[in-house]
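The values are calculated or read from the model by the stated rules, or taken from the named source; none is laboratory data. Computed from a prediction, not measured in an experiment: that's the story for all the values here. Cβ sites come from the backbone with ideal geometry, for glycine too, and all protein chains shown count toward neighbours. Ligands, DNA and RNA are excluded from the accessible area calculation, which covers all protein heavy atoms including side chains. Shrake-Rupley method; radii C 1.70, N 1.55, O 1.52, S 1.80 Å.
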Amino acid sequence: MAESPVNPLLSTARASDTSPIVQLHPLVLLTITDYITRHTLQQLKGPVVGAIIGQQNGQEITMEVAFEAKLLQNEAGEVILDDVWFDKRLEEYKNVHKSPALDLVGWFTLGPSTGPEAHLLPIHTRIQEVYNESPILLLFHPADAIAEVSAGGKLPLTLYESTHETSSGPQNDKAMDVDGVNQGKTLKFRELVYSVETGEAEMIAVDFVARGGGNATAVDGGKAAVPKTVPESPEEAKKGKSKAKDSGSKSEEGVIDESAFLTAEDEELLSSLTAKSNAIKMLHRRIALLRAYLATLPPSYLSDPSLPFTIPPTNTKTLPLNHPILRSISALLSRIPILAPSDALAFARESLEEQSDVQLVALLSSITSSVQAAKEAGRKHGIVDNARYQGKKGLMAGMLGQFDSQGNLSGGAFFDTIMSGGSGSNEGRVLRERQGNIERWG
């Protein structure tokens, strides 16, 4: 396999103690990926370029916010920044982020993992001349992101700082001198080490994006938008207006599938299950890696006393012993009994007892509630029944009059008075008899 050519813009020197210490925030990564997605779906031409603002305190640099940049093409055919637009946008971001104050610390673009390319030098040189003497270049590698070569946890990006080195050998035509001062020195890029720093607000944003990613739909950016048909004349437009609405609504109803939409609870459940599934898959891969490593080790004298203390590796696939790794594996195995109890029967019996106690307390609470409800129902029934009995007794006393000791009905004058039509004296007598009967029945 042929080796890839060496990038002439990369410096062979390693990062020194004076190199900046960079802290990268997730908001910058979200902005870059969003810009790449829109640039791809909208089929825009030209490179993807943007600015990164943050704080710089000595060697410590933080990259906190990013925004896209507007580009122009000069007479030489080189892509450069639109200075007027860029100055205005940068000033707007500085006014928004005043506490703490943020300033331009670098810029981002797309490129291969082999390093920066020559067409990026005019933009980098312009940023050096006007905004920052030592801007940091964030080079995002879309090919690595698609190929999933960064599955081990490394992000598909590289940070570079610019330096000026004396060129040894023929001068590079693509390399540029800054301001014509560094004669005999060319612009080089040196890779930097970075760390990812996350704030509380960024954690919320990243979590929201991660939850929404479970319902994301893949969109083919190569498909062009379907143009709308325009009628040839206004008369045809008026005639076919209602029909077009009806046919359009029917077609939309035929395409939309309501079952494809998820509720908020479904989205939360789906994201939770996806996170658990990813965690289990990662654990399985790590365990398989440990097993594969242990399988390649030579046999040990601990399992076979006849073997010598040290065995030189004879097979090419056999790896040498790495005692720190073996100690880490041993420590991991020693923590397994903490998760799984040694006495399974005693643990099961104790768990069953605790479960029985909880269920017993729940049963007693249910019985107490039932007794209280039955007591309340009995009290209400007694009140209603007493009121009903009192009403019936008063009504019977007023209507029937009085019974004697033998059970015969007395006081028939009441009915005689009613049947005879009654008179003034008879009405008084009837009222007196009715009152006396009520008192006796009461």
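The table below gives the values:
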| read-out | value |
| --- | --- |
| Which numbered condition ILE136 misses (of (1) out of contact with any helix residue (DSSP H, G or I) (no Cβ under 7 Å at 6 or more places or on another chain); (2) farther than 20 Å from THR33 by Cα; (3) open to solvent by less than 70 Å² (accessible area, probe 1.4 Å)) | (2) |
| Given (1) under 28 Å from ASP207 (Cα atoms); (2) in a loop (DSSP other than H, G, I, E, B), number of the condition GLN56 does not satisfy | (2) |
| Any pair with Cβ under 6 angstrom, 6 or more apart, that starts in the stretch 273-298 at a residue that is farther than 13 Å from ILE329 by Cα and ends at one that is part of a helix (DSSP H, G or I) and open to solvent by 100 Å² or more (accessible area, probe 1.4 Å) | none |
| Among (1) within 36 Å of the chain's Cα centre (by Cα); (2) in contact (Cβ under 8 Å) with a residue 24 or more places away in the chain - the single one ASP87 does not satisfy | (2) |
| Residue in the stretch 91-117 that is modelled with the lowest pLDDT, counting only those that are exposed (fewer than 15 other Cβ atoms within 10 Å of the Cβ) and not in a loop (DSSP other than H, G, I, E, B) | LYS98 |
| Selection within the stretch 72-85 - in a helix (DSSP H, G or I) and either surrounded by 11 or more Cβ atoms within 10 Å (Cβ to Cβ) or on the phi > 0 side of the Ramachandran plot (or both) | ASP83, TRP85 |
| Conditions (1) more than 29 Å from ILE146 (Cβ to Cβ); (2) among the basic types (Lys, Arg); (3) in a loop (DSSP other than H, G, I, E, B): number failed by LYS88 | (3) |
| Failed criterion for THR62 (all others in (1) of a type in the set (Ser, Thr, Tyr); (2) within 12 Å of GLY106 (Cα to Cα); (3) in a helix (DSSP H, G or I) hold) | (3) |
| Odd one out for ILE36 among (1) of a type outside the set (Ser, Thr, Tyr); (2) over 27 Å from ALA101 (Cβ atoms); (3) assigned to a strand (DSSP E or B); (4) touching a helix residue (DSSP H, G or I) at 6+ places or on another chain (Cβ under 8 Å) | (3) |
| Qualifying residue in the stretch 279-300 (condition: hydroxyl-bearing (Ser, Thr, Tyr), over 30 Å from VAL209 (Cα atoms), modelled with pLDDT of 75 or more and not in a helix (DSSP H, G or I)) | yes |
| Cβ-Cβ under 7 Å pairs, at least 6 apart or on other chains, the stretch 120-148 side at negative phi and touching a residue at least 24 places away in the same chain (Cβ under 8 Å), far side surrounded by fewer than 19 Cβ atoms within 10 Å (Cβ to Cβ) and part of a helix (DSSP H, G or I) | PRO135/GLN128; PRO142/ILE36 |
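Yes or no, residue by residue, for (1) more than 25 Å from THR163 (Cα to Cα); (2) free of Cβ contacts under 8 Å to residues at least 60 places away in the same chain:
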position	(1), (2)
HIS25	no, no
THR33	yes, yes
ILE36	yes, no
ILE53	no, yes
